[in-house]
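Peer 1: The structure's right below; bear with me while I get my questions together.
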Amino acid sequence: MSDSTPRAAGRPVSQPDEIPMAEPIEAIKLKHPWRNVFAVVLVIIVGLFIYDAAFNRPVYNWPEVGKYLFDTRVVSAIGYTLQLTIYSMIIAIVLGVSLAVMRMSPNPVVKSVAWVYLWIFRGTPVYVQLTFWGMIGVIYKTIDIGIPFTEPLAQIVTKDLLSYFTLAVIGLALNEAAYMAEIVRAGLLAVDKGQEEASTALGLGWWHTMTRVILPQAMRVIIPPTGNEVISMLKTTSLVTAVPFTLELYTRTRDIAGVTYQPVPMLIVASVWYLVITSVLMVGQYFLEKHYSKGHGVRQEVMKPTVETQTITVAGIEDPAGPKHGEREGGDRG
């Protein structure tokens, strides 16, 4: 008759003693008295600044700010500023993606052309570039169409073809494309090389690999700096007066201040509208980042088997955890 008591190596196994329940740890919140003092001092300083600006500084002239905040000239200038920002960024993103692909090309000529472009447009101030674009009508009076070293088939006067608004968009877009190219290239390099190899192994072509695999993953890296570039472009539009294009927000408010002799209120008007537009852009950037970061950093749950599993024994192979052949025989004899 066999013994039902658990045994280990032929000896009875002693039952473990009952583990006493540990007392719960009482967490004591760390106090930061100086942090609170610093916050109170900051609030007092900000409050004093607001009070001083509101009642003790007539140069701010708040009634003048309210008078011109929704002036038709200012509202029209906001429209031109938004158009400059949107058109320039669209061209810059398209050109930046092309330059990024050229920079990663194995062809040394294509790679060198992209590198020289980035070297020139990142190495010179945007204000200088805009000034050059404003003089394009003086440097190149006409644009000839035809075969080189022969009589032109058609001739277009540059000033008639390119308005100041168009030149401002071209100047901003070409400068921004140099920065977008590096942003896109950084995003493409952030995607693991195995993703492209796996797509190729599955039979996907270059276009489907880029649009279905590489770019969706790279967008998580590309979107945040691109949002910053859009906000930066909005403020850079104030430099297009170098072209000269004078209908955007900052130059328009400066022209009004030249008539009213009230520069500070008009600077506040321009600043308020820049802050409003920037805040809207930041909200859009937040939702874009949230969309493209779906699933990133989320730990996958442990997958449960779809069928019941169990241990199987292969006939003819001795189970190492089972009883020894000699012990089985001895037990039977006992």
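Peer 1: What pairs in LYS29/LYS294; LYS235/LYS290; LYS193/LYS290; LYS193/LYS294 have C-alpha atoms more than 27 Å from each other?
Peer 2: Listed pairs above 27 Å: LYS29/LYS294.
Peer 1: Net charge around MET104, counting only other residues with Cβ within less than 10 Å of its Cβ (Lys, Arg = +1; Asp, Glu = -1)?
Peer 2: It works out to a net charge of +3.
Peer 1: Counting only heavy atoms of the protein chains, get the accessible area per residue of the stretch 111-174 (1.4 Å probe) and round it to a whole Å² value.
Peer 2: Normalised by residue count, the accessible surface of the stretch 111-174 is 68 Å².
Peer 1: Just the Cα atoms of the stretch 146-270, one point each, no solvent: what log10 I(q)/I(0) does Debye give at q = 0.18, 0.19 Å⁻¹?
Peer 2: Reported log10 I(q)/I(0), two decimals: -0.97, -1.02.
Peer 1: May I ask you to work out the translational diffusion coefficient for the stretch 208-292 at 20 °C, viscosity 1.002 mPa s, via Stokes-Einstein with Rh from the Kirkwood sum over Cα pairs, reported in whole µm²/s?
Peer 2: It comes out at roughly 142 µm²/s.
Peer 1: Report ³J(HN,Hα) in whole Hz for each residue of the stretch 179-193, in order, from the Karplus equation J = 6.51 cos²θ - 1.76 cosθ + 1.60 where θ = phi - 60°; Gly and Pro get x.
Peer 2: With coefficients 6.51, -1.76 and 1.60, one gets 6, 5, 4, 6, 5, 5, 4, 5, x, 5, 6, 6, 7, 4, 4 Hz.
Peer 1: Quick one: compute a quarter of the convex hull surface over the Cα atoms of the stretch 56-128 and quote it in nm².
Peer 2: The directionally averaged projection comes out at 8.1 nm².
Peer 1: Along its three principal axes, how long is the stretch 194-238 when you only count alpha carbons? Whole Å, largest extent first please.
Peer 2: So the extents along the principal axes, rounded to whole Å, are 50, 15, 10.
Peer 1: Read phi for every residue in the stretch 268-280 and hand back ³J(HN,Hα) as whole Hz from Karplus 6.51 cos²θ - 1.76 cosθ + 1.60, θ = phi - 60°, with x for Gly and Pro.
Peer 2: Couplings: 5, 4, 4, 5, 4, 5, 4, 5, 4, 5, 4, 5, 5 Hz.
Peer 1: With r defined as the distance between the Cβ atoms of TYR51 and LEU275 and R0 fixed at 22 Å, what FRET efficiency is calculated, to the nearest 0.05?
Peer 2: That pair, TYR51 with LEU275, gives E of 0.55.
Peer 1: Turning to a different aspect of this structure: Calculate one ³J(HN,Hα) per residue across the stretch 113-126 by plugging θ = phi - 60° into the Karplus curve 6.51 cos²θ - 1.76 cosθ + 1.60, and present them in order as whole Hz with x for glycine and proline.
Peer 2: Couplings: 4, 5, 5, 5, 4, 5, 5, 6, 7, 8, x, 10, x, 5 Hz.
Peer 1: Below 19 Å, Cα to Cα, which lysines can LYS141 reach? Residues fewer than 8 away in the same chain don't count.
Peer 2: LYS159
Peer 1: Still on this structure, I have one more. Would you work out the charge dipole size for the stretch 150-293 about its Cα centre, treating the Cβ of every Lys and Arg as +1 and the Cβ of every Asp and Glu as -1, and quote it to the nearest 20 debye?
Peer 2: Rounded to the nearest 20 debye, it is 320 debye.
Peer 1: For the stretch 65-203, what ratio Rg/Rh do Cα atoms give with a Kirkwood hydrodynamic radius?
Peer 2: My calculation puts Rg/Rh at 1.11.
Peer 1: Hey, what's the stretch 16-70 come to in accessible area per residue, 1.4 Å probe, Å²?
Peer 2: 102 Å²
Peer 1: Here's a follow-up. Would you grab the residues whose amide H sits under 5 Å from the one on THR142? Only those 5+ places off in sequence or on another chain, please, with H modelled 1.01 Å from N.
Peer 2: THR158
Peer 1: What is the distance in Å between the Cα centres of the stretch 136-183 and the stretch 247-265?
Peer 2: That distance is 31 Å.
Peer 1: Give me the one-decimal nm value for the distance between modelled label points at ASN61 and VAL116, 7 Å along each residue's Cα-to-Cβ direction.
Peer 2: It works out to 5.2 nm between the two label points.
Peer 1: How large is the accessible surface per residue of the stretch 228-289, computed with a 1.4 Å probe and reported in Å² as a whole number?
Peer 2: Computed with neighbouring chains in place, this is 49 Å² per residue.
The values are calculated or read from the model by the stated rules, or taken from the named source; none is laboratory data. Not measured: the values here are computed from a predicted model. No Cβ is skipped: glycine too gets one built from the backbone with ideal geometry, and neighbour counts run over all protein chains shown. Ligands, DNA and RNA are stripped out before the accessible areas are found, and what is left, the full protein with its side chains, is counted by its heavy atoms. Shrake-Rupley method; radii C 1.70, N 1.55, O 1.52, S 1.80 Å.
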